[in-house]
Amino acid sequence: MELRFQTFSIRNLLYIQLNEKVEQITLQETDIFVREYQTKDAEDLMNAGYPFTDTGEWGTPYKDLKLKIINHLENKARKRLVAHCNTDKKPVGTVKMEEIGKHLWGIWTIFVSSPYRRRGIGSLLYRSAFDLLREMDVRKAIGNVEVTNLPSIKALEKTWDGFISQSYYRYTGVLRHTEKYDRIVPRSFVKFDLDQLFKVYQQSINADWRTFLEIDKNNFLERFFGHIHSKGLLQLSVRKRVFIAEESGSIVGYLIMPTSIVPLHRYNQRLYLFLSPQIALGTAMGFIQGAFSLLVTEGCRTVYLYFTNVNKDLMSKISNALYTVLGLTKTEFLLSKKNL
């Protein structure tokens, strides 16, 4: 599909037609236009301080070909756009899009080079991404932003439809042992647990989150926080393990652990935690410690734990315990939504 994006001129107030509305954009001192990513853009973007960790997926013909093969095996589409400066003859910003479902995509890792910020380039990248997705018959998009990233939040407020009513946390750190809480040995998921697990999910997540991300009983163990893991043939390279927390015979939480079957890739582990809003702190932390102990025996060193809940007090208590007892640092994210 050929992309056609308008070029924006020096020091003019510019207008583009989107969704039958006229949006006003001011770009100063430079000519900017948006186009598809090219391999040669990678060096300029990384030299400009591109901060995200996905650079291993792109940047050379070999990496780009490898990513295309992965997309094919995973049966997932990805797109990347760049904002190019005519005057300086280089890319000065980029944004990545990733398929979640047929009509739902994620828009992630937007970046604008520091000298070019505060000129509307972030908003321009978002609007261009929306245009491309509309051409592809995509109906909805989600994005995320750290709560401390005020420039990105302003760009989202100008171009998106707002934020989903619930934020989520990512905890990062090195695994270590502690005896602070009584360790609960997590048990493995069996198919008879499905109804109770979905009930926990419904209790812990606001309805607008589930509705907008199109999450139901058939996919709630795959969608997590909007991302989809291990689709297509790549499912063969990942074990999606689900561990259960029980209290007095009832399921009060679960942990999703997508794990590579390749031993060399087990040093870092992503975890997705869902808890009943009524769970006791000791039970929750004992369950987390039990899961961490299992990871340590498997050779895992670094953990990335994702967690959200409608019970803000529970989130606060767990955050404090994860930091003081386990040394994990917290980053809070907002999830944005857009109807295209």
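Taken together, the values in this text are just the output of simple stated rules run on the coordinates, not laboratory data. Being a predicted model, the structure only gives us computed values, none of them experimental. Every residue, glycine as well, gets a Cβ built from its backbone with ideal geometry; the counts of neighbours run over all protein chains shown.
Proximity of backbone amide H atoms, modeled 1.01 Å from N, is registered between residue 304 and 269, 270, 271 at under 5 Å, excluding neighbours fewer than 5 places apart on the same chain. With 24 Å as the limit, the listed pairs 76/217; 240/317; 68/158; 102/338 have 240/317; 68/158 beyond it between alpha carbons. For region 168-333, a crude dipole built from +1 on the beta carbon of Lys and Arg and -1 on the beta carbon of Asp and Glu, taken about the Cα centre, is about 440 debye to the nearest 20.
Remark: 170, 301 ranked as 301, 170, counting other beta-carbon atoms within 10 Å and listing the fewest first. Each of 153, 175, 165 was scored by the projection of its Cα onto the charge dipole of region 130-184, and the greatest displacement toward the positive side belongs to 175; charges sit on the C-beta of Lys, Arg, Asp and Glu. Reducing region 89-129 and region 182-209 to their Cα centroids gives an inter-centroid distance of 35 Å.
For region 215-220, the Karplus equation 6.51 cos²θ - 1.76 cosθ + 1.60, evaluated at θ = phi - 60°, returns couplings of 9, 9, 5, 7, 9, 5 Hz by residue, with Gly and Pro reported as x. Excluding same-chain neighbours fewer than eight residues apart, the lysines reachable from residue 312 by a Cα-Cα span under 18 Å are 330.
Simple rule: put +1 on each Lys or Arg Cβ and -1 on each Asp or Glu Cβ in region 79-122, find the dipole, and look at 111, 100, 121; the Cα lying farthest toward the positive end is 121.
Near residue 119, no amide H atom lies under 5 Å from its own; only residues 5 or more places off or on other chains count, and H is placed 1.01 Å from N.
Counted by neighbouring Cβ atoms within 10 Å, the residues 78, 134 run from fewest to most as 134, 78. This ranking places 252, 174, 82 by how few other beta-carbon atoms lie within 10 Å of each, fewest first, which gives 174, 252, 82.
A straight chain from residue 240 to residue 313 at 0.36 nm per residue would run longer than the Cα-Cα distance by 23.3 nm.
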